Amino acid sequence: NTLLQDAVFDAHIGRLRGIVLGFFKTYLDGYSAAGQAWTMSGMIAVIHLLGTGGLHQLTRGVDGCDANKTHASEYLRLFAGYNIPSTMAIKLNVPNLIARWAARSGTPTT
């Protein structure tokens with residue numbers, strides 16, 4: 001279900017936004033490394049694809065990569081500057097959302 005997927009992804013991005021604000025906020029205020037400005041969306045992409053540890057390593061100058069050999073700095077660059085609304089939910093009651101969707105669509109949840 002597209003609406004369910006969008007809601008869960010929004011919650012995921014909201015959670016990652018919370019991680020950036022909680023642990024990496026100092027890198028949002030005009031920080032740049034290797035000629036690349038660090039943005040909220042770029043840092044979220046790194047965390048989404050390489051984990052919090054991947055971003056943490058990047059802050060220490062270690063440019064890790066994923067299984068496709070794409071480096072954290074590349075994700076930071078590719079996803080820089082996208083608008084991440086501050087209103088995205090950090091928590092989502094997924095079982096409740098699934099139950100509501102199932103009730104509307106007539107799909108059993110078991």
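The values are calculated or read from the model by the stated rules, or taken from the named source; none is laboratory data. Just so it is clear, the model here is predicted, and its values are computed rather than measured. Positions of Cβ are backbone-derived with ideal geometry, glycine not excepted, and every protein chain shown enters the neighbour counts. Note: accessible area is taken over every heavy atom of the protein model, side chains too, but ligands, DNA and RNA are not part of it. Shrake-Rupley method; radii C 1.70, N 1.55, O 1.52, S 1.80 Å.
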Efficiency of FRET between Ile19 and Ser105 - r from beta-carbon atoms, R0 22 angstrom, step 0.05: 0.10
For the chain: accessible area per residue (Å², 1.4 Å): 63 Å²
Kyte-Doolittle mean at least 0.5, axial Cα span of 18 Å or more - DSSP H helices of the chain: 2-23
Distance histogram for segment 16-63 (every C-alpha pair counted, 10 angstrom bins, percent rounded to whole numbers): 28, 65, 6
Extension gain, Ser86 back to Leu28 (0.36 nm per residue minus Cα-Cα distance, nm): 19.5 nm
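Over the chain, what relative contact order in percent results from Cα pairs under 8 Å that are six or more residues apart?
Details: 110 pairs, mean separation 35.8, N = 110.
The normalised contact order for the chain reaches 33 percent.
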Projected-area mean, the chain, by convex hull of Cα positions, square nanometres: 8.3 nm²
Most mobile listed residue (Gly64, Gly22, Gly35) in the chain, GNM with C-alpha springs under 10 Å: Gly35
Solvent-accessible area, 1.4 Å probe, carbon plus sulfur percent, for the chain: 56 percent
